[in-house]
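For reference, the structure discussed in these notes is given below.
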Amino acid sequence: MTLKLLQPPVDPAFYPMTYPAFRHLLELQPTPKLLHEPASSPIQPVAVGAWAGPKPVGLMLAGLPLVEGEPPELLSVYVVPEARGQGLGRELAKAAERVAQTAGFPALAATWTQGASGTAWWEHQLGVLGWEEPERRTLSVFFTAEEALRVPWLDRFRVREGCEIVPFVEVTQEELAALQHSQEQSPWIAPDLLPWRYLAGGFEERTSVALRSPEGIVGWVINHRVTKEWLRFTCSYIRKDWGRRARILPLFSVSFHRMVEAGFTRATFVAPVHHPTMVRFVAKHIAPWVSVTRWTLGSCKKFAHQDQACGRTAGEEGLCQERG
């Protein structure tokens, strides 16, 4: 078996060896990690291929951050069935560690979905390779349009008096400017829930809604189209003093109805654990009535020291090897 750092153009045989959402990364050019995620940070993809003779049999795909403060990430490891059981997957994971170390990073991160294919193998490798114990990162739900219309709270909660739910596309520039000004004066929105982060690259206008109050815009549900049939509920929030007693549920009721009217047949919602209120909302109001609920787990490998290779770009010596 031979492992080598891939260079563009990448052999098409490697493309099926990673997730569809990551295949654009095999162009090996700086790009957002996820094309359909507006807030996805840009990365420099790095890939290591494995060959048995002339045949590609394995792939490691990683991303080096182009935004300061973010860690490099191991995105996927795959070995074709006939080449498994020989330690090749572990060697590919080690190659990812060398990539991160060579580029001067102190650690390498990875996230994965609990119960997904390959999870048992990877969680065994964590201990073997010296990674930290995995921790929960997000709670994800996947549901159909029919399930969205069966949640028991749909249309049961009224909008607070003096407020109205409007399509987000009807929010004016003056209202957005006022929202930004209030955030600057007295921050009340978490950085990853700022609505304007999710507007610049385009959003799903038919299903995204806002709560307009006498004080301005105080809540929103902003969605994005993943495919023709698949909708992602990307960013939702309501100001705390307006959000008591399930005041955000009317926004989701309207958005769910609009999702069906727009022809979407399935949807996803992801709640990060650093927003415990959001996790509780998903666990209580959505998860019991949908088909799939999964936790995303995360871990990292911290490197004991940095040698003189720190700061070199991935692709220099130390990343290729042969295995008998």
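Yes or no, residue by residue, for (1) within 18 Å of residue 221 (Cα to Cα); (2) assigned by TED's automatic domain parsing to the domain that holds residue 279; (3) crowded, with 18+ Cβ neighbours inside 10 Å:
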{"residue": "136", "(1), (2), (3)": "no, no, no"}
{"residue": "152", "(1), (2), (3)": "no, yes, no"}
{"residue": "164", "(1), (2), (3)": "yes, yes, no"}
{"residue": "170", "(1), (2), (3)": "yes, yes, no"}
{"residue": "174", "(1), (2), (3)": "no, yes, no"}
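Kindly indicate whether any position in segment 82-100 is of a type in the set (Gly, Ala, Ser), at positive phi and outside the structural domain of residue 268 (by TED's automatic domain parsing). Within segment 82-100, one or more residues are of a type in the set (Gly, Ala, Ser), at positive phi and outside the structural domain of residue 268 (by TED's automatic domain parsing).
Would you say residue 137 is touching a strand residue (DSSP E or B) at 6+ places or on another chain (Cβ under 6 Å) and of a type in the set (Lys, Arg)? Step through it out loud before you land on a result.
Values: touching a strand residue (DSSP E or B) at 6+ places or on another chain (Cβ under 6 Å): yes; of a type in the set (Lys, Arg): yes.
When the stated conditions are applied, residue 137 passes them.
Looking at 59, 66, 88, 35, just one residue is modelled with pLDDT of 95 or more and over 23 Å from residue 124 (Cβ atoms), and that residue is 66.
The number of residues in segment 139-183 being in a helix (DSSP H, G or I) and under 27 Å from the mean Cα position of the chain (by Cα) comes to 10. Output yes when any residue across segment 112-133 is under 22 Å from residue 234 (Cβ atoms), aromatic (Phe, Trp, Tyr), touching a residue at least 24 places away in the same chain (Cβ under 8 Å) and surrounded by 15 or more Cβ atoms within 10 Å (Cβ to Cβ), and no when none is. Yes, segment 112-133 contains at least one residue that is under 22 Å from residue 234 (Cβ atoms), aromatic (Phe, Trp, Tyr), touching a residue at least 24 places away in the same chain (Cβ under 8 Å) and surrounded by 15 or more Cβ atoms within 10 Å (Cβ to Cβ).
Listed here are the residues, each with its yes/no results for (1) closer than 21 Å to residue 46 by Cα; (2) not aromatic (Phe, Trp, Tyr).
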{"position": "110", "(1), (2)": "yes, yes"}
{"position": "113", "(1), (2)": "no, yes"}
{"position": "142", "(1), (2)": "no, no"}
{"position": "158", "(1), (2)": "no, yes"}
{"position": "164", "(1), (2)": "no, yes"}
{"position": "177", "(1), (2)": "no, yes"}
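Answer yes if at least one residue in segment 197-215 is surrounded by fewer than 20 Cβ atoms within 10 Å (Cβ to Cβ), in a helix (DSSP H, G or I), touching a Lys or Arg at 6+ places or on another chain (Cβ under 8 Å) and modelled with pLDDT under 95, and no otherwise. No. Evaluated against (1) modelled with pLDDT of 95 or more; (2) in contact with an Asp or Glu (Cβ under 9 Å, 6 or more places away or on another chain); (3) farther than 26 Å from residue 280 by Cβ, residue 218 falls short on exactly one condition, (3).
Do we find that residue 184 is out of contact with any Lys or Arg (no Cβ under 8 Å at 6 or more places or on another chain), within 30 Å of residue 115 (Cβ to Cβ) and assigned by TED's automatic domain parsing to the domain that holds residue 274 in this structure? Full working, then the answer.
Values: out of contact with any Lys or Arg (no Cβ under 8 Å at 6 or more places or on another chain): yes; within 30 Å of residue 115 (Cβ to Cβ): no; assigned by TED's automatic domain parsing to the domain that holds residue 274: yes.
Against the criterion (out of contact with any Lys or Arg (no Cβ under 8 Å at 6 or more places or on another chain), within 30 Å of residue 115 (Cβ to Cβ) and assigned by TED's automatic domain parsing to the domain that holds residue 274), residue 184 does not qualify.
The values are calculated or read from the model by the stated rules, or taken from the named source; none is laboratory data. From a predicted model like this one, the values you see are computed outputs, not experimental measurements. Heads up, the Cβs are rebuilt from the backbone with ideal geometry, glycines too, and the neighbour counts pull from every protein chain shown.
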